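These notes concern the structure reproduced below.
The values are calculated or read from the model by the stated rules, or taken from the named source; none is laboratory data. Note that the structure is predicted; figures quoted are calculated from it, not measured. Cβ placement follows ideal geometry from the backbone for every residue including glycine, while neighbour counts extend to all protein chains displayed. Quick note on the areas: whole protein, heavy atoms, side chains included, nothing else; ligands and nucleic acids left out. Shrake-Rupley method; radii C 1.70, N 1.55, O 1.52, S 1.80 Å.
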Amino acid sequence: MIEKLDSLYKEFEEKITGLGNQADILNLKSEYLGKKGHISEVLKSLKNATNEERKLIGPKANEIKNEITNSVAKKLTFIETEEINKKLANEKIDITLTDAVRSNNNYSGGFHPRTLIQREIEDIFLSMGFDILDGPHIEDEFHNFEALNIPGDHPARDMQDTFWFHDPNVECDEKKHLLRTHTSTVQVHGMQARKPPFKFIAPGTVFRCERTDASHEMVFNQLEGMMVGENISVSHLIYFMKTILKEIFKKEVEVRLRPGFFPFVEPGFELDIKCLICSGKGCSVCKQVGWLELLPCGMVHPNVLKAGGIDPEKYNGFAFGLGLDRLVMMKYGIDDIRHLQSGDLRFNSQFRTF
Ligand code: DAH
């Protein structure tokens, strides 16, 4: 019987070596250790054995039972570890690989078209010696309106529907807070922190409490620019604006300059570009006009220079506020501004860049 047990164990060991999945191993275990298993069958025949034989076979049978149990446990642990390792190997991301190799050429990331354009414009301005400034989204009334020559009762406040944090009807108080309605706020921060001559741009998000449509969003992006020094003229302004647009569109774009009113500039202009979506024929983006207001600009109002701590007798300058999202739409032929915030990967993946 001892030999029988030994040979059963040997047979078990051979069988288990060839098995690779949990269910088969557990089946094999019960084939040997189960109530009707091989080992139990052998033990059943113990009733015919002598006492001497029982003393030998009993411990032997227990020993083999333990061996089998251990062997099964070992094998199960081995399989589990192997499975985990296999999973880890599959899920491993080698961050040194390029996106194309990593994702097997499926889209897995890229820059938003606005980021692409913003970086391009920043590079152009940097090459012309401009600094790049940032400003807070939550502003006080002074930076958003007062310092920009828009006092409390000024009708220009109605031009920009504002998200207020406080009651706008309370008498003007510099501490009233709001979500900035334009990046012109950074003009004020920029002037306060610098001495002329200087020139900078300030790209960023702005907020307006207004109805959305193909060309309006409540949250959108502008790029403010300002240049202050001695003897700066409208021709400097026109030169910079034309150069920028030519660089951005990589071709001469048709522009037109109209007088425009903005309290912070005098004279103020509207620089329009011919709609690149419909080539001037009229579409939903240009509201059937064929032209798109893209670059309001002008010569900085003396009151604004004063509010920024700059002597308007000695210095002057120009400023502009580029509609960044509109520019993105023009450049890529996007016919609805709402796509930009949609977060829809089908939209974003069209601009993949790495
Ligand atoms: N802040 C204006 C707006 O959001 C845009 C603007 C107009 C900015 C004229 C300027 C400027 O710097 O000179 O509507």
## Note on the structure
Heavy-atom accessible area with a 1.4 angstrom probe orders F318, F347, most exposed first, as F347, F318
### Task
Report the calculated FRET efficiency for E14 and D94 (r = Cβ-Cβ distance, R0 = 41 Å), to the nearest 0.05.
0.50
### Query
Ranked from highest to lowest mean number of other Cβ atoms within 10 Å per residue, what is the order of the peptides 5-15, 292-302, 257-267?
292-302, 257-267, 5-15
### Query
For segment 113-351, what's the relative contact order in percent, using C-alpha pairs closer than 8 Å and at least 6 residues apart?
21
### Query
What's the percent breakdown of Cα-Cα distances in the chain across 10 Å bins, shortest bin first?
5, 18, 21, 13, 7, 5, 5, 7, 8, 7, 3, 1, 0
### Query
When the chain is fully extended, how far beyond the present Cα-Cα distance does R211 get from N66, taking 0.36 nm per residue of separation?
44.5 nm
### Task
Pop the C-beta distance of E230 and H177 into the FRET formula with R0 = 30 Å and round what comes out to the nearest 0.05.
0.25
### Message
Let me understand segment 263-354 better: what is its radius of gyration from the alpha carbons, and its Dmax, in angstrom?
### Response
17.8, 54
### Message
How much length would be gained if the chain were fully extended between R338 and R258, taking 0.36 nm per residue of separation minus their Cα-Cα distance, in nm to one decimal?
### Response
26.0 nm
### Of the trypsin sites (Lys or Arg not before Pro) in segment 238-314, those whose Cβ has at most 11 other Cβ within 10 Å and which sit in DSSP loop
K250, K251, K281, K314
### Dipole of the chain [Lys/Arg +1, Asp/Glu -1 at C-beta], most positive-end residue of V188, A319, I138
I138
### Summary
Of all DSSP beta bridges with both partners in the chain, the antiparallel percent, nearest 5, is 95
### Query
Using the eigenvalues of the Cα gyration tensor, what equivalent ellipsoid semi-axes result for segment 16-76 when each is taken as the square root of five times the eigenvalue, whole Å, largest first?
26, 12, 6
#### Entry: Max mean-square fluctuation residue, GNM over the chain, Cα-Cα springs under 10 Å, options V72, V219, V328
V72
### Task
Describe numerically, in nm with one decimal, the distance between label points set 7 Å from Cα along Cα→Cβ at I238 and at K287.
2.6
### Mean ellipticity per residue at 222 nm, deg cm²/dmol - from DSSP H runs of n ≥ 4 across the chain, formula -39500 (n - 2.57)
-12500 deg cm²/dmol
### Query
For segment 313-354, what class follows from the C-alpha gyration tensor (a ≥ b ≥ c being the square roots of its eigenvalues): rounded when a/c is under 1.5, otherwise prolate if a/b is larger than b/c, else oblate?
prolate
### Message
Assuming 0.36 nm per residue, please report the length gained on full extension of the stretch T115 to K44 beyond their Cα-Cα distance.
### Response
17.6 nm
### Message
Compute the angle between helix 234-249 and the longest alpha-carbon principal axis of the chain, please, reported from 0 to 90 degrees and rounded to the nearest 10.
### Response
30
#### Entry: Accessible area of R119 in the full protein assembly, 1.4 Å probe (Å², nearest 10)
120
#### Entry: In Hz, Karplus ³J(HN,Hα) per residue of segment 207-222 (6.51, -1.76, 1.60; θ = phi - 60°; x = Gly, Pro)
9, 9, 7, 9, 5, 9, 8, 4, 10, 10, 10, 7, 10, 8, 10, 10
### Three-way shape call for segment 201-300 based on the alpha-carbon gyration tensor, with the a/c threshold at 1.5
oblate
### Query
Hey, what angle do you get for helix 113-127 against the long axis of the chain, alpha-carbon based, 0 to 90 degrees rounded to 10?
50
### Message
I'd like the orientation of helix 2-17 relative to the chain: the angle between its Cα long axis and the longest Cα principal axis, in ° from 0 to 90, rounded to 10.
### Response
20
### Query
Of all the accessible heavy-atom surface of the chain, with the other protein chains kept in place and a 1.4 Å probe, what percent is carbon and sulfur?
51
### Message
Quick check for me: using +1 on Lys/Arg Cβ and -1 on Asp/Glu Cβ, what's the dipole size of the chain about its Cα centre, in debye to the nearest 20?
### Response
1440
